[in-house]
Every structure is written in structure tokens, then in C-alpha cells.
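Below is one structure, written out as C-alpha cells; the observations come after it.
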Amino acid sequence: MVSSFIAYCVIPAYTLIFVRNSDWLASNLSVIGSWPGRRVAFFFLGLLVGTYYLVILRRLLSRLPRHMTESLLLWTAFALLMLAVSTPYLPETVPFQAFLHVVFAFTSSILLALCLWLTFRHLSGLSPELTEFLRPYRMSMAVIGAVCAALLLIAGIISTAMELYFLATTIVLVQKAYIHLNNPAGEVLPPNRPAGAGPL
């Protein structure tokens, strides 16, 4: 499956190449992206990751009879991510733009996490089987939040380690859910189920 190759090979390889020769606890993706020679790579990293989330989560959301809130969160997170990677993080020379970059990037991550949690929660309500299957996913979102908070306390900043952890864990969750819902051996949900439809 192309999405699995992108999720498990392309994104990790590109990200690790991007953060090479950096201290994962003393810097972050924004700082690395401000280095000469990595600004274009930073933009394409954001585009790659943002497009992956957008495409796969839209396919998951198509399984829900109503998903206006989740779609709004997803599109807003994507737009803010694109604004973040397009806005330079150079606090010493353009402090206001650097401030906007931080706001865009942080808000995008929060909205994405909320979209993921709501998506897993509402997919769980479609059938008892999905309730059981997605329970670890909902719990994982709480664990991800706790680990990110711990990494923030350890480093004292939003570090590369924290960003890579969030990126890796959420991509794995999204991809595993997507594969399960499209696997003939698993429970396949028809797209665009009508409102009020009963359990599968």
C-alpha cells in the first residue's frame, strides 16, 4: 500500500535526514529549518507530513455520517502548518514573524491532536467491534500527551525529540487505523454512512 510506504519509509527517512547533525533535546524543527540550506527542506517536510495527515484522515472521516467539526479542525491544522513552514523562525532578526511561526506551529499540533482524538472517538461509536478495536487508540492519545509533556519538562523547550515522538506515534496510529478499516480481513466500513444508521 502506497500510504504505508509513505508513512513508514518516506516520512521517517526524510525527517531523519532533515534533523541530522542536530541536538534533539537542545533544538527543534523550527530552529533546524532556519539554518541556511535547510529552509526549503523544512517547507517540503511540512508539506509532506501535512498532506499525509490530510489525505488519510479525510478517508477515515468519510466513514462517519457527520464530521464537520473534525474536518474543520483538520483543514485548519493543515493551513496553519503551511503558514508555519512558510514563516521564517528568525527571532533575532524578525521577532514578530518568529512569534507568528510559533503560534502557527503550536496551534496546528493542538488542533491535529484534537482531530485525531475526536476521529477515533466517533469511529468507535459505529460498531461494538470498532469500540473495542479503537480503545487502545484513544488511550494512546492520552499517553502521547503525557510523554510530550514529560519531554517538555526534561528539555525545557519544545524539542526535536518531542516533535519527532509526536510525529512518529500519531502517524503510526493513523496508518494502522486506516489499514484496519480498509483490510478485507477486518471490518470494512462503507463510506458516507447515512445518519442514524445502526451498527454494522
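Of all residues in the stretch 111-126, which are buried (at least 16 other Cβ atoms within 10 Å of the Cβ) and not in a helix (DSSP H, G or I)? Walk me through how you get there before you give the answer.
Applying the first criterion (buried (at least 16 other Cβ atoms within 10 Å of the Cβ)) to the stretch 111-126 yields 111-120, 122-124, 126.
126 - this is the single residue of the stretch 111-126 that is buried (at least 16 other Cβ atoms within 10 Å of the Cβ) and not in a helix (DSSP H, G or I).
Return a yes/no flag: does the stretch 85-100 have any residue that is at pLDDT 90 or above, among the hydrophobic types (A, V, I, L, M, F, W, C) and within 20 Å of residue 65 (Cα to Cα).
No, the stretch 85-100 has no match at all.
Considering only the stretch 160-182, I want to know if a residue exists there that is hydroxyl-bearing (Ser, Thr, Tyr) and over 17 Å from the mean Cα position of the chain (by Cα).
No, the stretch 160-182 contains no residue that is hydroxyl-bearing (Ser, Thr, Tyr) and over 17 Å from the mean Cα position of the chain (by Cα).
Within the stretch 9-60, take every residue that is charged (D, E, K, R) and either open to solvent by less than 70 Å² (accessible area, probe 1.4 Å) or without any contact (Cβ under 8 Å) to a residue 60 or more places away in the chain (or both) and give me the one that is nearest to residue 172 (Cα to Cα).
Step one: list which residues in the stretch 9-60 are charged (D, E, K, R), which gives 20, 23, 38-39, 58-59.
Narrowing the set further to residues that are either open to solvent by less than 70 Å² (accessible area, probe 1.4 Å) or without any contact (Cβ under 8 Å) to a residue 60 or more places away in the chain (or both) leaves 20, 38-39, 58.
On the way: 20: 22, 38: 26, 39: 26, 58: 16 Å.
Within the stretch 9-60, the match that is nearest to residue 172 (Cα to Cα) is 58.
Each row is one residue, and each column tells you yes or no for (1) open to solvent by 40 Å² or more (accessible area, probe 1.4 Å); (2) farther than 22 Å from residue 71 by Cβ; (3) at pLDDT 90 or above; (4) of a type in the set (Asp, Glu).
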site	(1), (2), (3), (4)
139	yes, yes, yes, no
156	yes, yes, no, no
160	no, yes, yes, no
177	no, no, yes, no
196	yes, no, no, no
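The conditions are (1) modelled with pLDDT of 90 or more; (2) surrounded by 14 or more Cβ atoms within 10 Å (Cβ to Cβ), and residue 130 fails exactly one of them. Which is it?
Of the numbered conditions (1) modelled with pLDDT of 90 or more; (2) surrounded by 14 or more Cβ atoms within 10 Å (Cβ to Cβ), the odd one out for residue 130 is (1).
Quick check on the stretch 64-98: of everything there that is closer than 30 Å to residue 126 by Cβ and β-branched (Val, Ile, Thr), which residue is surrounded by the fewest Cβ atoms within 10 Å (Cβ to Cβ)? Please lay out each step first, then the result.
The first filter runs over the stretch 64-98 and keeps only residues closer than 30 Å to residue 126 by Cβ, leaving 64-81.
Subsequent filtering for residues that are β-branched (Val, Ile, Thr) retains 69, 76.
Working: 69: 13, 76: 15.
Among them, the one singled out is 69.
Would you check which residues across the stretch 61-103 are touching a residue at least 24 places away in the same chain (Cβ under 8 Å) and not in a helix (DSSP H, G or I) and list them?
62, 63, 64, 65, 66, 67, 88, 89, 90
Within the stretch 120-163, which residues are without any contact (Cβ under 8 Å) to a residue 60 or more places away in the chain and among the β-branched types (Val, Ile, Thr)?
Across the stretch 120-163, the qualifying residues are 131, 143, 144, 147.
Going by the conditions given, is residue 108 surrounded by 15 or more Cβ atoms within 10 Å (Cβ to Cβ), in contact with an Asp or Glu (Cβ under 9 Å, 6 or more places away or on another chain) and either of a type in the set (Ser, Thr, Tyr) or over 29 Å from residue 4 (Cβ atoms) (or both)?
So residue 108 does not fit the description; no.
The values are calculated or read from the model by the stated rules, or taken from the named source; none is laboratory data. Because the structure is predicted, anything quoted here is derived from the model rather than measured. Positions of Cβ are backbone-derived with ideal geometry, glycine not excepted, and every protein chain shown enters the neighbour counts. When the accessible area is computed, the model is the full protein with side chains, heavy atoms only, and any ligands, DNA or RNA have been set aside. Shrake-Rupley method; radii C 1.70, N 1.55, O 1.52, S 1.80 Å.
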